[in-house]
Each structure stands twice: as structure tokens, then as C-alpha cells.
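The values are calculated or read from the model by the stated rules, or taken from the named source; none is laboratory data. Worth saying up front: this structure is predicted, and the values here are computed from it rather than measured. Here the Cβ positions follow ideal geometry from the backbone for every residue, glycine too, while neighbour counts run over all protein chains shown. Accessible surface areas use protein heavy atoms only, side chains included; no ligands, DNA or RNA. Shrake-Rupley method; radii C 1.70, N 1.55, O 1.52, S 1.80 Å.
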Amino acid sequence: MINILSKEIYNKIAAGEVVDRPYSVVKELVENAIDAGASEITVEIEGGGKKKVRVTDNGKGISKEDLPRAYLPHATSKLKTAEDLFTVATLGFRGEALASIAAVSRMKIVSKTAEGNAYSLSSGGGLLGEVTEAAGANGTEVTVEDLFFNTPARLKFLKSDTQEEGEVSNMMARFLLSRPKIAFNYYVNGKLKYRSFGDGLDSALAAVYGAETVGKCYEISAEKHGIRIYGYLGNQNFSKPNRSYQSLFVNGRYVVNQTVGAAVTNAYGAYLMKRQYPFFVLFLDVPAEIVDVNVHPTKADVRFADNQIIYGCVYSVVSAVLDGNSKALEYLVSNKTEKGAVQEEIPLPKAEVRSTFPELKPQPQMSYEAAKKELAFDVSPVGGRTPAPRLFASDEPFTMKVNSPKPKEQEQDAFEENRAFLLEQEKKKQEKIDPATLAYKGELFRTFLIYEIGDDAYFIDQHAAHERLIYNRLVARTSSREQVSQPMLLPFVLSVNAEEYAFLVRQLPLLRELGFEVEEFGGTSLKVSAVPVDLQNIDLDAFFGEVLRSMETLNGIKLTDLLKDKLASAACKAAVKGGEFLTDDEAKSLITQMDGDMGLRCPHGRPVAVKMKKSELEKLFKRIV
Ligand code: ADP
Ligand code: MG
């Protein structure tokens, strides 16, 4: 016999799809407040949100007549016709959140519109009480108590108060960041945890992560192929032990996305120590037609029409900022200090990104469509493999803006720190010197080379310097695909499962271009008989292990990034070591090859040169004070 479920039971079941945890209750309520146009939102939770969640806003409110309707499933004021579905601009539109939450909790809404009085309506397990007159300011206050009190099975699945609280807090942090124009107050068990003032992203970042974090970040704003990328990137020395410090917002919505995550992580590449993750708060504004956000309401993922373009854009912007934009940064900083709050847009000087790269002619800004066409054209599909990206897309020109934060009283500290940090960067990067003017003065401990110029002395770590130079060369060679193979004494045979095999076979053309000699070896095995000459000592087992581990996200792009990592270690091995003696000529040639760039870092992020002023030395000897 087929039973028709009663409305109460149906709502209870449906509730599970929208609200499964306290944090999803908070999410739905805050989104409603945002949709209502609130400029100030207060969120209070108790007992990890299981005991109580209250969200108060100063939005447009709910009228007396609408109050009972707000509790009905599929009741929404945000959508009238089916056509509206395609143009909906609000966060909610399904009209199921309040009904679902009401079904599994004790809920009370007090609301007042500008025109009417305040009214209150309570419910218990979905059963409505009476609308009564109440007191209250314009806006809405929704209180949800005893979540899942009538669905014990679900209650059992909740984690501890602290864990649930943690998830709510993470989400609140993301609300503060994604809605920097809204003032948020967030209380946990009566204690204020986050407070933002609705006065901008820098302020919101300080509210969530502390003022000092602002100073450890690059603020970026770039536009590429019709895609806007802006936000904050942790500097090379500011990484985190896990991914929870990574926030991505696509068209204003918080999402977790592998393509973007991989692009950022790979751009940091060698700057990161093992098991460290970059810090970022990034916003991507993309044309609506290339992104599918109509995914399940509780899942924060998003699909892009073309992952490679997104990857390329993010990778190139982030890696340029990290690797070589020093000149731009320096330029903008001085601009900022002189002119105050200005936004400068300057084209990034190409040759400065990586000096050893072939010169690229500046190209006009491309639209997303043009980018897609070019990509399709660029890639000759060999044997139906996934299109190979242009390697190290960071060499394309793009314009970068660094926003100057407007000094505000309460964040004075953060800006001071930010400025100090950037000034320091600037100082470091100014140190490009004509190598001919440097006088070689000998070496110390067979490790540090000493150069003199005017009143400055430079100590150069011979290993770090050489390593960086070799690395640059290897990267350039790989990106131009001018690889030479080195046959192996014993071929390496790799046996994998069918899925992995199919995947690797698709990568064969790219692997071959990169200098690997690989062929199918019967069954699901592959034979590697030669490797790129630059990577003679590569641990193939580990390399293919990594390739396969990233199978899901890998579209041929990441392969080259994996190699970049290998190139860094190859460069390290090939470089002169500390303790090795360099002749005068070798020492001079090193500085010439460095092109006098004292701001270089080795591929692992350590400085190549350290400067000491004559006056510092004099101070040590108390010649001056
Ligand atoms: P949806 O947000 O998908 O429309 P909800 O169940 O979350 O569905 O909310 C139902 C309706 O209740 C909304 O369409 C809106 O009209 C009203 N509403 C809910 N929360 C608020 C609020 N904080 N301020 C004003 N109206 C609200
Ligand atoms: Mg809603």
C-alpha cells in the first residue's frame, strides 16, 4: 500500500536536505537576512548552535500577513514565475529553509516592517501558534531552539558542541569576508567572537584573522580574460598547516573548488614547505554563463565551463604576484604612500616576471571568449588527449591593481603593519645592481661570496644563487618544450590499474613532449626508457605516484607543475654546494648571471643575498654610534 505522507512527516524528511547541522541553520538565516537587505546582522549561538541560534537583522522585515506564510514550504517572496529562476539574484529562492528549520526545532520569528508594527509567531516541530503583537525595531529576529528535538536519529549524528561551534564560526568568518559591506556581530555563548563594521574587505579581514594578518598578505586585484580576481594572498612566509585558511568566493558565493585550489597551491609551489598550505581570501568574478552555481544548496561547490581558463587565470596572477611582480609592487607602494588612497592600474612589465624567460610581446587584454578560442586553437588534439595548456601561463601580460587601504581609526595598526611590510618588500626589490659595478672581495667559509659596492657589502649564498639560476633555466627549457631525453640504463616499468592506465595513456603525448620516453607495455603497464635530461635522478616511482594521486584534478596542467617541483629539486642537486670552492671567475660569472638582482630567492624561498652597510659594521666596532 502506498501511503501519502502527512505534511509534518514530509517536512521533517525534507528538512534533512536543507538543514543537517547547526551551521546550515545559521547559513539559511543569515542568507535570509542578507536577502532582506540588512546592513547589520547579529548572530548568537549557544551549545554549538544545538541549543540556540538567533539571527537578528535590520532588513525590510516580514508583514503580519506574510508571517505565517514564511513557515510554509515552497513559500518565497523571491520568485514569482518560472522565468524568474534564470534571473534570481537573491541567495534563497526555494522557499524551503524556514519551513524545514521550523519542522525540526522550536522556532520564533519577531519581525517589523517599516510600515507596520512588530509581530511574533512561534512554532514547535512545525506546528504554528498564533500571530501576536510584539515589540521590536525594524527588521527580523529569528530564534531557533532545540534543533532536532523531535528527530532523535538526526540529533545523534551531530558532533560535539565545540565541533559544531567551530563549523558555525568558520562559516561566519566567510560571511564577514564575503559581505564586507555588512556589519556583523557574532556571539558564541554570550561572548563576542567576531565583529565587523561593514566598512570594507581589509577591515573584515582584520576582524576575522587579526590586524597582523593584513600585513602578511598581498592585496591583489587583477583582471584577465574577462575574469576578475581580487582579495588577499598570504606572502611567501605566511603559510598555514591546513586548508582551513583558504576562502574562495565565486560571484560572491563561498565555494570550495579544486581547480582554483590547485592553481593557487601550484603557484605557491616551491615557496611552501612540506605540509604547509597557502593562506588566501580570493574573490573571482566570472561571467555568469561560464559558471554553474545551481548545485545542491548545502554543497559549496561550483562548476566552470572551462577549468583550464580558470586555472590559467588564477595560476598566472598568483604566481606573478609571488615570483616576480616586485617592481609593480614597489611602484604601487610608493604611489600609495605619496598619494594616499588611490587605485593604480599598471601593466606588469613582462621581462621582470622571470628574467630568463623569452621575451613576450605584450598582448591586448583578452575576453573570456577570445581566451577560449585561443586555447582551443593552441592545442592540437593529439590522439584525443585533453588539451595541453600553455605552460606556465604566468608569462602572459595582465594588469594588476593593488588597492590601497583607506586608513581608518580602528585599523590604524593593521595599515601601519601593512605599509611597513610593503616598504620592506620595496627596499628588497630595489636592489637590482649593475653587476659590473660590484667588486668581488672573496669568499667566506667556501659558502658566501662577498661583493662590495659603494658603502654596501653583499653576502651571496653561492648555493642558493646557483640553484635559482639553474631553476630558471630549467623552467624556461621546460616551458619551451626543448627537452632532451636521457636514456636510462634499466627501463622503469609501472604497473597500475585500468583507470589509472587510461589516465596515464591520455597524458602520454605531454609526457613525451616533456622528455619522457614512455610506451605501453602490455596489460595495464607502461615502460619508461628515458627521462628529461634535466631530471636524470628523478624518482619515477614517487613522480608517477604524485601524478596519479592528483588524477581527479589533473588535466595535463598540473603535470607541468609537478615537474616544476622536480625541477626545483633537480636545480638544488645540480647547484654548487656550500663548502665547494669557486674560482674568482666562477664567482664573478655567478653575479653576472644573477644580473645583479639582489632580491632573488632560491626556489625554496630562501634569500640569495644579504646586505650589510658599512655603517652597520662601523657600529659594531663602535666607530660610530
Ligand atoms: P527563501 O529564502 O528561499 O525565499 P525561506 O524559507 O528561507 O525561503 O524564507 C521564506 C520567506 O520568508 C522569504 O522568501 C522571505 O520573504 C521571508 N523571510 C525569511 N527571512 C526573512 C528576513 N530575515 N527578513 C525578511 N524576510 C524574510
Ligand atoms: Mg532563505
Links that overshoot a 32 Å alpha carbon limit, given the list Lys112/Lys159; Lys27/Lys156; Lys573/Lys614: Lys112/Lys159; Lys573/Lys614
Calculated FRET value between Asn117 and Gln276, using beta carbons and R₀ = 56 Å, to 0.05: 0.50
Virtual spin-label span in nm between Arg512 and Gln536, 7 Å along Cα→Cβ: 2.5
Protection proxy ranking of 173-180, 98-105, 499-506, 614-621 - average other beta-carbon atoms within 10 Å, highest first: 98-105, 173-180, 499-506, 614-621
Cα gyration tensor, region 434-524 - rounded (a/c under 1.5), prolate or oblate: prolate
Cα gyration tensor shape for region 119-251, rounded if a/c is under 1.5, else prolate or oblate: prolate
Placed amide H near Lys52: partners under 5 Å, 5+ positions off or other chain: Glu46, Asp146
Given Lys527/Lys564; Lys60/Lys191; Lys216/Lys432; Lys51/Lys108; Lys52/Lys191; Lys224/Lys566, the pairs whose alpha carbons are separated by over 20 Å: Lys527/Lys564; Lys60/Lys191; Lys216/Lys432; Lys224/Lys566
FRET efficiency, Asn138 to Asp66 (Cβ-Cβ, R0 22 Å, nearest 0.05): 0.90
Gained length - Met612 relative to Ala574, 0.36 nm times residue gap less alpha-carbon distance: 10.8 nm
Contour excess over end-to-end distance, with Cα ends at Glu499 and Phe445 and 0.36 nm allotted per residue: 14.1 nm
Whole-Å distance, taken between Cα centres, linking region 563-625 and region 139-181: 52
Per residue solvent-accessible surface (Å²) - region 496-625, probe of 1.4 Å: 49
Where labels lie 7 Å past Cα in the beta-carbon direction, separation of Arg303 and Asn170 in nm: 2.4
Calculated FRET value between Lys619 and Asn237, using beta carbons and R₀ = 25 Å, to 0.05: 0.40
